[in-house]
Each structure stands twice: as structure tokens, then as C-alpha cells.
1. Can you tell me which residue in segment 88-103 is farthest from residue 66 (Cα to Cα), limited to those that are modelled with pLDDT of 90 or more and crowded, with 19+ Cβ neighbours inside 10 Å?
2. Among the candidates 67, 71, 25, which residue alone is of a type in the set (D, E, K, R), loosely packed, with under 14 Cβ neighbours inside 10 Å, modelled with pLDDT under 95 and under 19 Å from the mean Cα position of the chain (by Cα)?
3. Just give me the residues in segment 201-234 being touching a Lys or Arg at 6+ places or on another chain (Cβ under 6 Å) and either surrounded by 17 or more Cβ atoms within 10 Å (Cβ to Cβ) or at pLDDT 90 or above (or both), in sequence order.
4. Quick check on my filter: what residues within segment 177-194 are among the hydrophobic types (A, V, I, L, M, F, W, C) and surrounded by fewer than 17 Cβ atoms within 10 Å (Cβ to Cβ)?
5. One residue is enough: does segment 114-132 have a residue meeting the conditions closer than 30 Å to residue 62 by Cα and over 21 Å from the mean Cα position of the chain (by Cα)?
6. For segment 181-234: of the residues being of a type in the set (Asp, Glu) and not in a strand (DSSP E or B), which is farthest from residue 40 (Cα to Cα)?
7. How many of the residues making up segment 127-138 are out of contact with any helix residue (DSSP H, G or I) (no Cβ under 6 Å at 6 or more places or on another chain), closer than 17 Å to residue 98 by Cα and in a helix (DSSP H, G or I)?
8. Test each condition in (1) assigned to a loop (DSSP other than H, G, I, E, B); (2) within 13 Å of the chain's Cα centre (by Cα) for residue 151 and report the one that comes out false.
Amino acid sequence: MLKIEGLVCRYGKVSAVRGLSLEVRKGEMVALIGANGAGKSTTLKAISGLIAPVEGRLVFEGKDITRASARRVLQLGIAHCPEGRRVFPYMTVIENLQMGCHLRRDAAAVASDMKRLFDRFPILYERRAQTAGTLSGGEQQMLAIMRALMSRPKLVLFDEPSLGLAPTMVERVFDIIKGIQADGVTVVMVEQNAFAALELSNRGYVLEQGRLKLSGSGSELLNNPEVKAAYLGA
């Protein structure tokens, strides 16, 4: 579904991603793990068109998206759930969700999707007229996920979905992401909780200083001595 070939991304003269190649198959969940500054979030931003690669190629469902705009990437079916949730704090829950589907023109289907997602996230239905900034951190994360799903994506990129959440809410968010994959949506997840990410994922990639260090199935990486020592506290 998604292929990254020799990706190079820089911020000024600083290289954040250096010759990265990986692939994501349809229907699977793939984890990107690594230390802070390993290039994980930058990789997601390059996929979603938020930054332009210096070198390399990004291909989604056979289409070259290396130079595609964020708007075009979203139209093709890739949604990005960013680090820190990034909800619009002074807009209501409903207005935030409308931003998630602003490129769609199928009004009846949009209304149906919103109802279906409110059934899945009943607390947000109760809060639908509240401004997003007044929601708890967990509720904001659910709103960010729901907003991403309103675009009817084929692939969702999650950047640190558990960041700053209470332990009970972390478990809830991971259950939600697992359910999204079960519904047939492909998932790529950047997550500091390496154990949970690999336990959930079909496959994983370990990045180090912008380069690919290791790859394998989730279970293989969970049992890899290097991964255990560096990321699992074992």
C-alpha cells in the first residue's frame, strides 16, 4: 500500500531522516519506534505532505506522492492524527469534526459517518457543543482520532497517541486504534510506549538517528535483545 524509498528529510542543514526505506501493507498495523530525534515524526510528516523530502520517493497505492500537497494526500486517503492532538481549541466538537471532512462533498454520507462515530464515542456526543479546549486530554485525543476518521481514510498515521494521557485512557486509546485496524483501515503508529506499540502491531521498524536500524514482526522485535535493552527496559 505504501512504499518509502531512500527518504531524506532535512530541517535547514540538519538531516532528520537519512535514506529511509520501508513498506506498509494493506490492512496491517506498523509501528515506528526509536529514541527522541530518531526521525519518526518527520517520516509521518513527509508521508502526509506536511514537509517536502530532499531525496527519495513516496508511493501510495501505486501513485507517487513525493511532492504531493497535504490536501492531495488527504484526498487520496491518508489521514494524520498528530502528536499533541492539535484540536482547534476555540471550535466546538462538531466544528472540529467538520474540519476533518472538509474535502468531502457527500453530505448524507458525512452525516451517517458522524452518527456512527458518535455512537462509538458517546462522551463526545454529550460534549458536541463544547469547545474542544474545555475537554480533558483523553477526550481531546478521542476527538483527534474521530476527526481523522471523518475523512474516510484508507491509512491513518498516529503520532504518539498515548502521550500525556492517564494510564486508563492509554489503554482505551490503544483499544480504539486496534478497532480501527479491525475495521480494515491500515495504521502506522509512532509511539514511545514501544512495548504496547509492538504488541499491537503486525510489523515494526526501529529508527536510529534517521536511519533504519532493525525491522521485523512485532513479536520478533519484542524478543530482540537490542530492542529489549534500548526500548523495553529489559
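The values are calculated or read from the model by the stated rules, or taken from the named source; none is laboratory data. Because the structure is predicted, anything quoted here is derived from the model rather than measured. Positions of Cβ are generated from backbone atoms using ideal geometry, with glycine treated the same way; all protein chains shown enter the neighbour counts.
1. The residue in question is 93.
2. Exactly one of 67, 71, 25 is of a type in the set (D, E, K, R), loosely packed, with under 14 Cβ neighbours inside 10 Å, modelled with pLDDT under 95 and under 19 Å from the mean Cα position of the chain (by Cα), namely 71.
3. The answer is 206, 207, 210, 211, 217.
4. Selection gives 182 alone.
5. No - not one qualifying residue is present in segment 114-132.
6. Restricting to residues being of a type in the set (Asp, Glu) and not in a strand (DSSP E or B), the top hit is 183.
7. The number of residues fulfilling the criteria is 1.
8. (2) is the only condition that residue 151 fails.
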